[in-house]
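In what follows, a structure is listed as structure tokens, so that the remarks can point back to it.
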Amino acid sequence: MAVEKLSLDFGEFELSEELFIARINPAHNLTADDMALMVEVASERYSAPFGYISDRVNRYSVDPIAMSKIFDALPLLTSFAVVVGHQMGREMAKYEQGFAGHDRFEVFWSLGKATDWVLERNAALRAKLA
């Protein structure tokens, strides 16, 4: 699976056929404008089901209301996974999940588990569309 790397002012991104992986810069406040730019990139890049993985190797803040609008903006988005390795971060991600209000949002301890979940959801949607 070929991976395209993208660097923006607020983070590093890896885009492959089915995955959009984000690693946001430390202490950044991820705003609605940042998310709009990520939506623009994803809209241009993906024409088939894909999943978003927030690999939270750094601590940063998120506007949960802006984040909740991503599902409406990206109809091909099958899943929104958050990978976080510390309890406080998991609690924050669960709080964000409440704003998302979707069964397409899940929190994981490892990138591998998140990737497996996203790929399973992508396959299920592709099968449904076939």
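The values are calculated or read from the model by the stated rules, or taken from the named source; none is laboratory data. Every value quoted in this text rests on a predicted model; they were computed, and no experiment measured them. Because the Cβ atoms are built from the backbone with ideal geometry, glycine has one as well, and the counts that use them run over all protein chains shown.
Counting only residues that are buried (at least 18 other Cβ atoms within 10 Å of the Cβ) and among the aliphatic types (A, V, I, L, M), which one in the range 1-34 is farthest from Asp72 (Cα to Cα)? Taking the candidates together, the pick is Ile24.
Here Ser68 passes the criteria (1) closer than 18 Å to Val107 by Cα; (2) exposed (fewer than 13 other Cβ atoms within 10 Å of the Cβ) except the one numbered (2).
You will find that of Ser79, Ser47, Ser61, the residue that is hydroxyl-bearing (Ser, Thr, Tyr), at pLDDT 85 or above and crowded, with 18+ Cβ neighbours inside 10 Å is Ser79 and no other. Each residue in the range 23-47 was checked for being of a type outside the set (D, E, K, R) and in a helix (DSSP H, G or I), and 9 pass.
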